[in-house]
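Below is one structure; the comments refer to it alone.
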Amino acid sequence: MTTATTRALRTTPPARTGDTTARDSPAGAMPSLPSLTGLRWMAALLVFGLHVNNFGYFSGTGGRLVSWGFGAGATGVSFFFVLSGFVLTWSARPRDRALAFWRRRIARIYPVHLVTLAVALAMTYTLAHQPRPTPKQAVSNVLLLHSWWRPWWQTLNPVSWSLACEAFFYAAFPLLILLLRRLGARGSVALGALSVTAVVVLAWADAHHWWAYELYSFPAARLPEFVLGAVTARLVLLGRWRGPGLEASLALAIIGYFLVPQVTPGYSATVCTIAGFALLIPAAAVADVQGLPSLWRRRRLVRLGELSFAFYMIHLLVLRSATQLLGTKPHFGLLAGLAVTTTAFAVSLGLSWILYEAVERPARRLLLRRRRSPASQPDPAEAQGEAPAAARD
């Protein structure tokens, strides 16, 4: 068992307990958080399982087990939004300019987005029964604006809708971090409470159909989750985090995950998991900073976490292309379903490795090369487990 998070933070290097002013050390001096990278792989795996369930690979008992284990996998989107707010705040550079921040964020997500978008576009013209986008839908996908208008949100590569949400978060982040640096611990707690309240109110309104537009994919409706992640990071940096340890936080996150079937599908599921995720992420970060035991820090899990963005961006295209051979919702028996799922997973993982090594890393280096001095640091969020959100289809 890990020791209590409260006690551990009293010796945390980034901040001193009781300090209500900003402590913004250089980004390169911030401890890395490998447990968050491992956790992000597990969230990506939940999304993969969700899509396997949606594609109907299993029938009978196997189908019921997959639905029970992965039917709530769409909540992975909430985990990634909270995670994104946490790691961007944790690794924020003290005197960073908004344009420099946005440039690094574009270099982080855009190359893989464009490549997978091109693959999705090619699939619409080469595979049967694939919907072809209108010119407006295609342009909105390229510009990461498609989540703002419901008829566009799942065109081409459907999972990219969450990147449109992330793009909105990135646009707002320079103002958010400026606000957080002016708030003390109490102000940050108040902002976190306001964010949780906003999630609850929006979930209630969505479940009662107050708006014709479904809030699940609307970027502005997902902003409170991102803000909550940023708030928890700020409290850790100030030495004022008082959350439970890693095991208790994980238990709460799992309980919330399996409560999802009890609420209205869609945005309302966020209410079940938001507390567990908002506790689990800082607890894992504290475990890394203090050197406490963490399953999520294992080398292979961290390596898979590094591939998770590319895996997330390609896996649904693999499942879609497989329908040309398997048909729609084939409902295989247990052994056949496992074989097909394992094959789809292996292909997706292999392609994600290619995307990571041949597109994501070299493109990022190329895009950031000109303005990086020999002494400058790489994007610090890379070491903290930051990744765009998983998606629902």
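With an 8 Å cut-off on Cα pairs and a minimum separation of 6 or more residues, tell me the relative contact order of region 134-280 in percent.
For region 134-280, the relative contact order is 24 percent.
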Ordered by packing density, taken as the mean number of other Cβ atoms within 10 Å over each peptide's residues, highest first, how do 152-160, 355-363, 128-136 rank? 152-160, 355-363, 128-136
In Å and on Cα atoms, what radius of gyration and Dmax does region 210-298 show? 14.9, 48
Protection proxy ranking, peptides 174-180, 32-38, 76-82, average beta carbon neighbours within 10 Å, highest first: 76-82, 32-38, 174-180
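Whole-Å semi-axes of the chain's equivalent ellipsoid, largest first, each the root of 5 times a Cα gyration tensor eigenvalue?
33, 24, 21
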Taking the 0 to 90 degree range and rounding to the nearest ten, how far is the long axis of helix 299-326 tilted relative to the main principal axis of the chain, both from C-alpha atoms? 20
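Exactly which trypsin sites (Lys or Arg not before Pro) in region 96-130 are in a DSSP loop and have at most 10 other Cβ atoms within 10 Å?
Here the trypsin sites (Lys or Arg not before Pro) that fit, given the DSSP loop and packing criteria, are ARG97.
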So what is the accessible area of the chain per residue, in Å², with the probe set to 1.4 Å? 44
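When the helices in the chain are scored as -39500 (n - 2.57) per DSSP H run of 4 or longer and the sum is shared across all residues, what 222 nm value do you end up with, to the nearest 500 deg cm²/dmol?
-21000 deg cm²/dmol
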Relative contact order for region 224-343, counting Cα pairs under 8 Å that sit 6 or more residues apart, in percent: 22
Folded to 0 to 90 degrees: helix 76-90 orientation relative to the chain principal axis, Cα: 30
Quick check: net charge around LEU176, other residues with Cβ under 12 Å of its Cβ, Lys/Arg +1 and Asp/Glu -1? +3
Considering Cα pairs under 8 angstrom that are at least six residues apart, work out the relative contact order of the chain and quote it in whole percent. 38
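The values are calculated or read from the model by the stated rules, or taken from the named source; none is laboratory data. Keep in mind the model is a prediction, meaning the values are calculated, not measured. Heads up, the Cβs are rebuilt from the backbone with ideal geometry, glycines too, and the neighbour counts pull from every protein chain shown. For the accessible areas, the whole protein counts, side chains as well, though only heavy atoms, and no ligand, DNA or RNA atoms are used. Shrake-Rupley method; radii C 1.70, N 1.55, O 1.52, S 1.80 Å.
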